[in-house]
Amino acid sequence: MKPHWILKPALLAASLFVAAGVWMAAAQSGDSAAAAKPQPEAILHAAEAAKLLPDAVFFRGQSATTQVRNSGGVRFDDGMYMLVTLVDTSGYSTGVQAKYQAYLLTEVALEINGKPLPAGAYGVGFIADNKFDVMDIGAHELFEADSVRDADLKRPTPLQVLAAPNAHHFRLYGGRSYVTISRAD
């Protein structure tokens, strides 16, 4: 056993080493936070959204795999996100499949065609009669909004987010049908 007078300097050195590491880490994170500048609001295309989206999502008692190649979103200027992705609904009942095509995740309150939607996770889908259906994760219908068919859309895809004519408004497309989404005040 080593004498206690040898252990004290060793403990002091170890404590100083740990403290220096903590101080350097804090200084570096402070520098990177100061260097990080707010980014402008931006539409996220599938490749960018895929980096943030999970491989599977929970909805109505089951997990469904996401189709990140058919995804998109918005990064708001304060760094908060709204993401949406198509999902594989093959394991769901036909009633759920008829309304649930995509999973929408939002960190902020939204308005969809003027209807409020709090931050959270939702099942959504473009359904018959030009409607867009929004459900909570238990498949309870929250609201329907009218969708619009865009015959002039050059390259329709199964799902995408594009800019709307009004600033800070976006169009969520399912094929040629869309709803307008904006951040709630």
Six or more apart or on different chains, Cβ under 9 Å: which pairs go from a residue in the range 170-181 that's closer than 14 Å to residue 44 by Cβ to one that's basic (Lys, Arg)? Could you list them?
181/171
Can we say residue 121 is out of contact with any helix residue (DSSP H, G or I) (no Cβ under 8 Å at 6 or more places or on another chain) and either closer than 22 Å to residue 76 by Cα or exposed (fewer than 14 other Cβ atoms within 10 Å of the Cβ) (or both)?
yes
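Can you tell me which residue among 146, 185, 136, 129 is farther than 18 Å from residue 46 by Cα and under 16 Å from the mean Cα position of the chain (by Cα)?
Details: 146 fails: under 16 Å from the mean Cα position of the chain (by Cα); 185 fails: under 16 Å from the mean Cα position of the chain (by Cα); 129 fails: under 16 Å from the mean Cα position of the chain (by Cα).
Testing whether each residue is farther than 18 Å from residue 46 by Cα and under 16 Å from the mean Cα position of the chain (by Cα) leaves just 136.
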Can you tell me how many residues in the range 41-100 are free of Cβ contacts under 8 Å to residues at least 40 places away in the same chain, basic (Lys, Arg) and out of contact with any helix residue (DSSP H, G or I) (no Cβ under 6 Å at 6 or more places or on another chain)?
2
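FYI, it's all coordinate maths here, none of it is from the lab. Since the model is a prediction, treat every value here as computed from it, not as a measurement. Quick reminder, even Gly has a Cβ in these numbers, built from the backbone with ideal geometry, and neighbours come from all protein chains shown.
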